[in-house]
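S.K.: Can you read through this structure? Questions will come right after.
The values are calculated or read from the model by the stated rules, or taken from the named source; none is laboratory data. This one's a predicted model, so the numbers in the text were calculated from it and none came from an experiment. Please note: Cβ atoms are built from the backbone with ideal geometry, for glycine as well, and neighbour counts cover all protein chains shown.
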Amino acid sequence: MTKKVQGYMWLLLTIFLFSTYEIVGHTLTSSTTTMFVNAFRFLLGGLVLLPFALSYMKKHDVKLTQKDFFRLLVLGLLNAVLSMNLLQLSFKFAPASTSAILFSTNPLVVAIFSSLLLREKPSRSQVFGLFLGVIGSIFVTGSFEASNIVGPLLALSAAVLFGLYTVAGKDLTMRLGSLVVNSFSFTAGGIINWSLLALKSEPLWQVAGDNWLRLLYLGVFVTGLAYFAYFTGLSHLDTTAGSSVFFVKPVFASILAWIFLSEPITWNKAVGIVIILLAMGFVIARPQKTAASRKEAEA
């Protein structure tokens, strides 16, 4: 089996695991609080990745400074605390597939923040892609009536914060490696979530009945194994293939929600998925070409 085939197999596993998050998370909304789900998930996921991160640091002689630890703490706050808590909360007000689709628009948000914070001027095709992304989100939502707007707004807010998290951690990830950044930021985010539970006087342990299996799945598989599979796949392929994970996720998530949660794939949701995928294609077109050109130049 060639490395290329291995890479695609790892990414296929990643796509599947990422697509199950909203499905499993939706089943936990009535038995656990939003913050506990993410406290458990990210602390466990960070600990699962930690041995691999430490091995990577030793192999590549990676050293963390006090400033690095602070930035990793901020990244954990943006991702595990703010973004993921909003996404988990959106499950109470919107179908899991809707939340999954809207959250998967975060690459569009990354393009905006890259332009504002990293001074990467978007091309015309990227601007057009952003416009298409907004149109696709409207189709997925169905309408902007007060009765159904809360869930979509929470999911979109989560996507915005995740996009900020991605851009804010870009240079740190390039220097320390994705495995190190995610392991430490996940662990920090989990600890922060658990600390907030204590401050809010909420139960610090909310594992009851069979929900411990779902929580274990989210922590070990969706957070730990999924990111490990993602990084392993990227080691065999270029970043273009890896970036397709989030882009295909809405399709997988909608199908899984239809199978396991009986959520219908309505015509507007199907149209929205197609438009969002087209939008993402326009948005990533230039970064993909630039990366490829840079790789050829280095060769």
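S.K.: If you take the residues of segment 65-112 that are out of contact with any Phe, Trp or Tyr (no Cβ under 6 Å at 6 or more places or on another chain) and not in a helix (DSSP H, G or I), which of them is surrounded by the most Cβ atoms within 10 Å (Cβ to Cβ)?
M.R.: Only one residue tops the list, namely 105.
S.K.: Which one is modelled with the lowest pLDDT among residues in segment 139-192 that are part of a helix (DSSP H, G or I) and among the aromatic types (Phe, Trp, Tyr)?
M.R.: 139
S.K.: Within the bounds of segment 177-194, is there any residue that is over 24 Å from the mean Cα position of the chain (by Cα), at positive phi and touching a residue at least 12 places away in the same chain (Cβ under 8 Å)?
M.R.: no
S.K.: Which ones in segment 202-217 are aliphatic (A, V, I, L, M), part of a loop (DSSP other than H, G, I, E, B) and either touching a helix residue (DSSP H, G or I) at 6+ places or on another chain (Cβ under 7 Å) or surrounded by 11 or more Cβ atoms within 10 Å (Cβ to Cβ) (or both)?
M.R.: 204, 207
S.K.: From the list 197, 225, exactly one residue is modelled with pLDDT under 90 and outside any loop (DSSP other than H, G, I, E, B). Which is it?
M.R.: 225
S.K.: On to the next question. Quick one: which of 242, 272 is assigned to a helix (DSSP H, G or I), surrounded by 14 or more Cβ atoms within 10 Å (Cβ to Cβ), of a type in the set (Gly, Ala, Ser) and modelled with pLDDT of 80 or more?
M.R.: When all the criteria are applied, what remains is 272.
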